[in-house]
Amino acid sequence: MDNLTPEQLALRDLTRRSLLKMAGYGIGSLALGSMLSEEASAKWLDGQKRTDPMAPKPPHFAPKAKAVINLFMAGAPSQLDLFDPKPVLQEHDGEPIPEEIIQGERFAFIKGVPKLLGSPHTFSKCGESGQVIGDLLPHTQEIADDICIIRSMHTDQFNHAPAQIFMNTGHQLPGRPSIGAWLTYGLGSEAYDLPGFVVLISGDNSPDGGKAVYGCGFLPSVYQGVEFRSQGDPVLFVSNPDGVSDAARRSSIDAINDLNRMRLKRLGDPEIDTRISSYELAYRMQSSVPELMEIDTEPQEVHELYGTTPGEATFANNCLLARRLVERGTRFVQLYHWGWDSHGTSDYDDLITSLPLRCKQTDQAAAALVKDLKRMGMLDEVLVVWGGEFGRTPMNEERNGSKFKGRDHHPHAFSVWMAGGGVKPGVAYGATDELGYSVVENPVHIHDLNATILHLMGFDHTRLTYRHLGRDFRLTDVYGNVLHDILA
Amino acid sequence: MSREPTNTPLQALTTLNDEAFMRAARGLARRMLECGAKTAAGRIEHGFRRCVVRRPDAEESSRLVSLYREELERYEADGEAAKALIKQDEGYVDGATVAESAAWTMVANVLLNLDETITKE
């Protein structure tokens, strides 16, 4: 996206390195002279139109989706109990897993030779499509004909923080931009007074990957995910201090930005431009965010559909907020709901007590979101993605001899579902082996999923790049294939 | 040498509205009132230098003087807001009116939010 000539790039970098200091030594003017004529540099600095980094930009080609709502089930929901029934696994429940299968495997917690664990929960064929979905998710069963279930997901990471970061940024170490940041970098935002990338968090804890999962990495920081809180002040410090009226705040921001523009003229540093835009957006958010958060204004039947609890920080509230955000032009809304990590060390994290609870916390609202978008005629243009950072083992973890049923982390096979935004509805893609250990049909790597999401939003994932440290980085690193078979 | 890593609307809202920054603004306003300058431009130069070390040029100074005048007019018309802003019990400088103190607090709030103040070179 950087259209600057090498000379302009050099000039921009020079200004960052304190042009004034260099000029003071007399070196600066020599350096500039060799790269750019005085006239040209002056012209460029003056003539550079103030560009808002969040101004809407077209993608590479016509998109199917205008926005993404990612329902990130942090902790890794158990696919074998929710989306991928395995009759053979059920038959061999309680038997030790054949050793050749786990030969050389590294587990997060499992030791020795674990026993196979069939699902204690049941599944049903649903809708006209006949999609098979777990009975712990009765509301999701109702949208069986709207979703595409991918059972062949696989990843390289088996611990939460690196896996969450990997899923979001394409690399397991923090420091790279998240998918939301890439998309807002590519598209800007249609929402004049709201951020283009918003994060909403619910559940007992924050995602293990921390803020890196919705960070901007090396992209300009304006593309970072903005976390909205559903309790208390929706955005910290959105309200002015006592004694500062809206008019006073407007007047102070005018002064700040006028002075910043004077500095921008002298230095040409694009970060100043970003700061000017940030302050303008901050001002607009002071009124747009409270309005957005007023879910009380939604009709009663909408509240019943989602199962919202006004005033509390629930997943259901966040789903409704997500719909409101995409209505107002936000491009990427990411919801995190923590608590799926069903290791089975106690009844707080097992398959019998805890898993149904997490399902109860999220099933209704996730399905409601799809139903609501469909009802409003928005589902074709909004891509909803549901899933976690890896899967769970077909074996019982039995950590320290625990009597509770649970599964350890499993990167080799897991399930996600997608709805809307150009994805084929009412279909399943990919399959795992009879024990649910590995993918045997149509494997989908994280990079493939991300390539597909970018494709639906109108981007060739190999061409949405940013030059950093001399390399053109992209979300999918050097990998990724678009899943054309699941596109409508 | 690197720029401030966060350059987002959230950061803007924090440095504009967080009580910690407002307290700093009140402190800076008090210094501007106590610095011995007799004119608005003089006080502005003092505050500006405290934030970014250098002196403001004519254009910058003039813009900040207009801001002060605008805020002074606002707070002379709204005594309640002025009192709330300066948090009366923290006290200001003898001889400065509540409206003047409030107006200088807003100028200080602006100075503390300049890109040049926030960015460490």
Which residues of the stretch B:65-81 show a drop of at least 50 Å² in accessible area when all protein chains are present, compared with their chain alone (probe radius 1.4 Å, heavy atoms only, ligands and nucleic acids excluded)? B:R74
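How many times 2.2 N^0.38 Å is the alpha carbon radius of gyration of the stretch A:77-180?
1.32
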Can you pull the one-decimal nm distance between simple spin-label points at B:E59 and A:A431, each 7 Å off the Cα toward Cβ? 7.0 nm
Just to be sure I understand: of the beta bridges DSSP finds with both ends in chain A, what percent are antiparallel, rounded to 5? 45 percent
Net charge around A:H445, counting only other residues with Cβ within less than 12 Å of its Cβ (Lys, Arg = +1; Asp, Glu = -1)? -3
Using DSSP to define loop residues, name the GluC sites (Glu not before Pro) in the stretch A:383-442 whose beta-carbon has at most 14 other beta-carbon atoms within 10 Å. A:E434
Between A:N70 and residues 5 or more places away or on another chain, the pairs with built amide H atoms under 5 Å apart involve A:V333, A:Q334, A:L335, A:V385
The answer for the net charge of residues other than A:S342 whose Cβ lies under 11 angstrom from its Cβ, with Lys and Arg +1 and Asp and Glu -1, is -3
Would you work out if the stretch A:336-425 is rounded, prolate or oblate? Take a ≥ b ≥ c from the square roots of the eigenvalues of the alpha-carbon gyration tensor; rounded if a/c is under 1.5, else prolate when a/b is larger than b/c, oblate otherwise. prolate
The Cα extents of chain A along the principal axes, largest first and rounded to whole Å, are 80, 53, 43
Between A and B, accessible area buried - total, square angstrom, nearest 100, 1.4 angstrom probe: 3600 Å²
Once neighbouring chains are kept in place and the probe is 1.4 Å, which whole percent of the accessible area of chain B is contributed by carbon and sulfur? 49 percent
With N set to the number of residues, divide the alpha-carbon radius of gyration of chain B by 2.2 N^0.38 Å and report two decimals. 1.05
Computed, not fitted: 222 nm per-residue ellipticity of chain A from DSSP H runs ≥ 4 (each -39500 (n - 2.57)), nearest 500, equal to -10500 deg cm²/dmol
At q = 0.15, 0.16, 0.18, 0.20 Å⁻¹, what log₁₀ I(q)/I(0) does a Debye calculation on the Cα points of the stretch A:138-259 give, no solvent, two decimals? -0.93, -1.01, -1.15, -1.23
If Rh is defined by the Kirkwood formula over all Cα pairs and Rg also comes from Cα, what ratio Rg/Rh do you get for the stretch A:56-111? 1.23
In whole percent, the fraction of accessible protein surface over the stretch A:265-327 that belongs to carbon or sulfur atoms, probe radius 1.4 Å, stands at 49 percent
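Just the accessible area per residue of the protein assembly as shown, please: how many Å² with a 1.4 Å probe? Spell out each step's value before the answer.
On the way: 24820 Å² over 609 residues.
That works out to 41 Å² for each residue.
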Scoring only Lys, Arg, Asp and Glu (+1, +1, -1, -1) among other residues with Cβ under 15 Å from the Cβ of A:M418 yields -2
Classified through the alpha carbon gyration tensor (a ≥ b ≥ c as square roots of its eigenvalues; rounded if a/c is under 1.5, else prolate when a/b is larger than b/c, else oblate), the stretch B:1-61 comes out oblate
Over the stretch A:173-262, what percent of the accessible surface lies on carbon and sulfur atoms, probe 1.4 Å? 47 percent
Restricting to Cα atoms and excluding each atom paired with itself, what does the Kirkwood estimate give for the stretch A:222-285 in Å? 13.3 Å
Over the Cα atoms of the stretch A:332-488, what radius of gyration and what Dmax do you get, in Å? 18.1, 54
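The values are calculated or read from the model by the stated rules, or taken from the named source; none is laboratory data. Worth saying up front: this structure is predicted, and the values here are computed from it rather than measured. Please note: Cβ atoms are built from the backbone with ideal geometry, for glycine as well, and neighbour counts cover all protein chains shown. We work out accessible area using only protein heavy atoms, side chains counted, and drop any ligands, DNA or RNA first. Shrake-Rupley method; radii C 1.70, N 1.55, O 1.52, S 1.80 Å.
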